[in-house]
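Computed from the coordinates by the stated procedures, all read-outs in this text should not be read as laboratory data. The structure presented is a predicted model; accordingly, all values stated were derived computationally and were not measured. Here Cβ is always computed from backbone atoms with ideal geometry, including for glycine, and neighbour counts include all displayed protein chains.
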Amino acid sequence: KAGVTQTPRYLIKTRGQQVTLSCSPISGHRSVSWYQQTPGQGLQFLFEYFSETQRNKGNFPGRFSGRQFSNSRSEMNVSTLELGDSALYLCASSFTGTREETQYFGPGTRLLVL
Amino acid sequence: GENVEQHPSTLSVQEGDSAVIKCTYSDSASNYFPWYKQELGKRPQLIIDIRSNVGEKKDQRIAVTLNKTAKHFSLHITETQPEDSAVYFCAVTTMNYGGSQGNLIFGKGTKLSVKP
């Protein structure tokens, strides 16, 4: 079974631009979560989607948004990019997103904001 | 909200020695505790997990122990090898609104170096 995939793998943007990242979960997984990883803050939860609905959201500004499609693929969008948004963005998938399910991570998209 | 503390932040051992990483958490309702290994430039990969109805779980050279009363859990790696060198993250799932779903709250990570 193919793992979680993310595109693109690398991105360079400038301040003020917006960016869209994509995540394809493992086949059969319907829950997709997004995390931001930085050296200073570590791994932080952004939001989780299940059946095209955002069920849970972390403590990030409204510039960070996402959506999920009927095939469970998910996208996240960051508008008005700031230097501090430079990070590795990871998505993870699980069957239904319940508390005791294992989450499997994608390879991440490394975003550099100049 | 849930807070996860992980110690030590760096750990250097000789090949063949054991390594122990400890995490404490604050939410007594947490019931799932995974450990992830992240090699440089790679994705976090689950290496072992434990659920709250179990006190210890072992998989070859890796074991995890859980003390729910004290709200801490530990990763034990025996007979370490150079390929064990990586950053290890502990995590806890929180009980969010609705109760059934959970997102992962991670510790800050431990950089393990195994010297040949």
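Structure above, values below:
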| read-out | value |
| --- | --- |
| Single condition B:Ala63 does not satisfy, out of (1) among the aliphatic types (A, V, I, L, M); (2) more than 8 Å from chain A (Cβ to nearest Cβ); (3) closer than 30 Å to A:Arg9 by Cα | (3) |
| Test for B:Lys108: is it surrounded by 15 or more Cβ atoms within 10 Å (Cβ to Cβ), within 30 Å of A:Gln54 (Cβ to Cβ) and more than 10 Å from chain A (Cβ to nearest Cβ) | no |
| Count - residues of region A:11-41 that are surrounded by fewer than 18 Cβ atoms within 10 Å (Cβ to Cβ) and under 26 Å from B:Ser9 (Cα atoms) | 4 |
| Subset of region B:25-46 (residues that are touching a residue at least 24 places away in the same chain (Cβ under 8 Å), within 23 Å of B:Gln81 (Cβ to Cβ) and surrounded by 12 or more Cβ atoms within 10 Å (Cβ to Cβ)) | B:Pro34, B:Trp35, B:Tyr36, B:Lys37, B:Gln38, B:Glu39, B:Pro44 |
| The listed residue being closer than 17 Å to B:Tyr88 by Cα, among the basic types (Lys, Arg) and touching a strand residue (DSSP E or B) at 6+ places or on another chain (Cβ under 6 Å), out of B:Lys71, B:Lys22 | B:Lys22 |
| Subset of region A:74-95 (residues that are over 14 Å from A:Ser27 (Cα atoms) and in a strand (DSSP E or B)) | A:Glu75, A:Met76, A:Asn77, A:Val78, A:Ala87, A:Leu88, A:Tyr89, A:Leu90, A:Cys91 |
| Inter-residue pairs, beta-carbon under 6 Å, first in contact (Cβ under 8 Å) with a residue 24 or more places away in the chain and in region B:57-68, second outside any strand (DSSP E or B), 6+ apart | B:Leu66/B:Gly55; B:Lys68/B:Ser52 |
| Among the candidates A:Phe50, A:Phe60, A:Phe69, residue that is without any contact (Cβ under 8 Å) to a residue 24 or more places away in the chain and out of contact with any Cys (no Cβ under 7 Å at 6 or more places or on another chain) | A:Phe69 |
| Residue in region A:70-81 that is closer than 26 Å to B:Thr94 by Cβ, surrounded by fewer than 18 Cβ atoms within 10 Å (Cβ to Cβ) and basic (Lys, Arg) present | yes |
| Count of region A:96-114 residues which are within 12 Å of another protein chain (Cβ to nearest Cβ) and either touching a residue at least 60 places away in the same chain (Cβ under 8 Å) or part of a strand (DSSP E or B) (or both) | 12 |
| B:Ala29, sole failed condition from (1) within 11 Å of chain A (Cβ to nearest Cβ); (2) in a strand (DSSP E or B); (3) hydrophobic (A, V, I, L, M, F, W, C) | (2) |
